[in-house]
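**Q** A single structure is presented below for examination.
The values are calculated or read from the model by the stated rules, or taken from the named source; none is laboratory data. As the structure is a prediction and not an experimental result, all values here were calculated from the model. Because the Cβ atoms are built from the backbone with ideal geometry, glycine has one as well, and the counts that use them run over all protein chains shown.
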Amino acid sequence: MSAIIITSNTELMQKVIDTIKTCYDPEIPVDIWELGLIYELHLNDQNELLVVMTLTSPNCPAAEHLPLEVENKLKELPELKKVEIRLTFDPPWDKSRMSEIAQLELGFL
């Protein structure tokens, strides 16, 4: 299941996705994009980005630092004027959200 992406700037959105792919859940050797932790990306015409993301569970040990890591890395993109991270657990994450790449890496396929 892939993220909902809303933008008219596909070039900048690709940079956003590439940056997100440098963030990893510390307990799983797969980036958070492939894990399906990113639910939505909204990039408006003013280059303000909203990221709706989740964690593998509400009790995830990465809860305190992973959203902040994503935000800080995205803020390094000079084209972005604003970055907002919105954490949600609705719907709850499950392994069906993982890409085939992640499933192969973790031995689910």
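**Q** Scanning segment 55-109 for residues that are in contact (Cβ under 8 Å) with a residue 40 or more places away in the chain and among the charged types (D, E, K, R), which turns out surrounded by the fewest Cβ atoms within 10 Å (Cβ to Cβ)?
**A** If we take residues in segment 55-109 being in contact (Cβ under 8 Å) with a residue 40 or more places away in the chain and among the charged types (D, E, K, R), then GLU76 is surrounded by the fewest Cβ atoms within 10 Å (Cβ to Cβ).
**Q** Which ones in segment 1-25 are part of a strand (DSSP E or B) and surrounded by 14 or more Cβ atoms within 10 Å (Cβ to Cβ)?
**A** Residues of segment 1-25 that are part of a strand (DSSP E or B), as a first pass: 4-6, 24.
Of everything in segment 1-25, those that are part of a strand (DSSP E or B) and surrounded by 14 or more Cβ atoms within 10 Å (Cβ to Cβ) turn out to be ILE5, TYR24.
**Q** Out of curiosity, is LEU68 more than 27 Å from PHE108 (Cα to Cα) and of a type in the set (A, V, I, L, M)?
**A** Taking the combined requirement at face value, the residue satisfies it.
**Q** Let me ask something additional. State yes or no: is VAL51 hydrophobic (A, V, I, L, M, F, W, C), without any contact (Cβ under 8 Å) to a residue 60 or more places away in the chain and not in a helix (DSSP H, G or I)?
**A** yes
**Q** Being of a type outside the set (S, T, N, Q) and either within 18 Å of VAL83 (Cβ to Cβ) or assigned to a helix (DSSP H, G or I) (or both) is the filter here; which residues of segment 56-72 pass it? Please lay out each step first, then the result.
**A** Within segment 56-72, the subset of a type outside the set (S, T, N, Q) is 58, 60-71.
The answer is PRO61, ALA62, ALA63, GLU64, HIS65, LEU66, PRO67, LEU68, GLU69, VAL70, GLU71.
**Q** Quick check on LEU50: is it at pLDDT 95 or above, surrounded by 13 or more Cβ atoms within 10 Å (Cβ to Cβ) and touching a His at 6+ places or on another chain (Cβ under 8 Å)?
**A** yes
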